[in-house]
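One structure below.
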Amino acid sequence: MNSELSHFDCNGNAVMMDVSGKTISRRTAAAKGSIVMSEQALKSVCEGTSKKGDVFGTARIAGIMAAKKCADLIPLCHTLNLEKCTVDFTVNKDKNEIECFCEVLLNGKTGAEMEALTGVSVSLLAIYDMCKSIDKAMVIGNIKLIKKSGGKSDYKC
């Protein structure tokens, strides 16, 4: 079996990586993604006239909840005690696009990249759900890690 794959044992069985010997350190991660929608849907979101209510507020809470539940959603992820999680949005009216950013912070033995990515993904899905009655052709994409710190290496896109 490939020794670079940390989630498999020598027999090829999936395992949760052993982090018991790692030192606790401050770890951060940030991710972003976007949703492109019709001009009408974007107007509804920005003006707060969506039939389902406050789109940004609901999507923000959905993203934070998802980041906190990442280990329940992604197999072999460690349960992490997030100490901070933020979800923010920027609107680009020229592109009919909403960009979502999620940043997490914790002190732990393993990184928080999956939590930030999950937070962005679920925030965007919540926006889709709340706007699908106006626009079923919305496109979610460009979800990626933009920075991480702590652990063996730092990363910045």
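The values are calculated or read from the model by the stated rules, or taken from the named source; none is laboratory data. Only a predicted model underlies this, so the values are computations on that prediction, with no experimental measurement involved. Every residue, glycine among them, receives a Cβ derived from its backbone with ideal geometry; neighbour counts consider all protein chains shown. Heads up: the accessible areas ignore ligands, DNA and RNA and are worked out on the full protein's heavy atoms, side chains in. Shrake-Rupley method; radii C 1.70, N 1.55, O 1.52, S 1.80 Å.
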### Message
For I143, what residues show an amide H to amide H distance below 5 Å, using hydrogens built from the backbone and excluding near sequence neighbours?
### Response
S34
## Note on the structure
Going residue by residue through segment 66-71, the Karplus relation 6.51 cos²θ - 1.76 cosθ + 1.60 with θ = phi - 60° gives ³J(HN,Hα) values, rounded to whole Hz and with x marking Gly or Pro, of 5, 4, 5, 9, 3, 5
### In sequence order, calculated HN-Hα J values of segment 116-128 (Karplus, 6.51, -1.76, 1.60; Hz; x Gly/Pro)
5, 5, 5, x, 5, 4, 6, 4, 5, 5, 5, 4, 4
#### Entry: Extension gain (nm, one decimal) between T86 and S20, 0.36 nm per residue minus Cα-Cα
21.0 nm
#### Entry: Isotropic mean projected area of the C-alpha convex hull, segment 107-157 (nm²)
4.3 nm²
### Message
Let me see the P(r) profile for segment 1-119: every Cα-Cα distance counted, bins of 5 Å, each bin given as a percent of all pairs.
### Response
2, 11, 17, 17, 15, 12, 10, 7, 5, 4, 1, 0
### Query
Carbon and sulfur: what percent of the chain's accessible surface (1.4 Å probe)?
52 percent
### Query
Mind listing the phi-derived Karplus ³J(HN,Hα) values for segment 90-104, rounded to whole Hz, using 6.51, -1.76 and 1.60 with θ = phi - 60°, and x for any glycine or proline?
10, 10, 10, 5, 5, 9, 6, 10, 10, 9, 10, 10, 10, 10, 10
### Summary
Simple SL model, points at 7 angstrom along Cα→Cβ for M65 and L125; separation in nm is 1.2 nm
### Query
Per residue, what volume in Å³ does the Cα convex hull of segment 14-54 take up?
194 Å³
### Message
Give me the dipole magnitude in Debye, nearest 20, for the chain about the Cα centre, with unit charges on the beta carbon: positive for Lys and Arg, negative for Asp and Glu.
### Response
220 debye
### Task
For every helix of n ≥ 4 consecutive DSSP H residues, a contribution of -39,500 (n - 2.57) applies; sum these over the chain, divide by its total residues, and give [θ] at 222 nm rounded to the nearest 500 deg cm²/dmol.
-9000 deg cm²/dmol
### Query
Which of the peptides 111-121, 31-41 is most tightly packed, and how do the rest follow, going by the mean number of other Cβ atoms within 10 Å of each residue?
111-121, 31-41
### Summary
The FRET efficiency for S133 and L73, from their Cβ-Cβ distance with R0 = 22 Å and rounded to 0.05, is 0.25
### E83 accessible area, 1.4 Å probe, all protein chains in place, Å² to nearest 10
100 Å²
#### Entry: Residue pairs, from the table K22/K84; K132/K152; K84/K136; K52/K144; K52/K147; K52/K148, whose Cα atoms sit over 31 Å apart
K132/K152; K84/K136; K52/K147; K52/K148
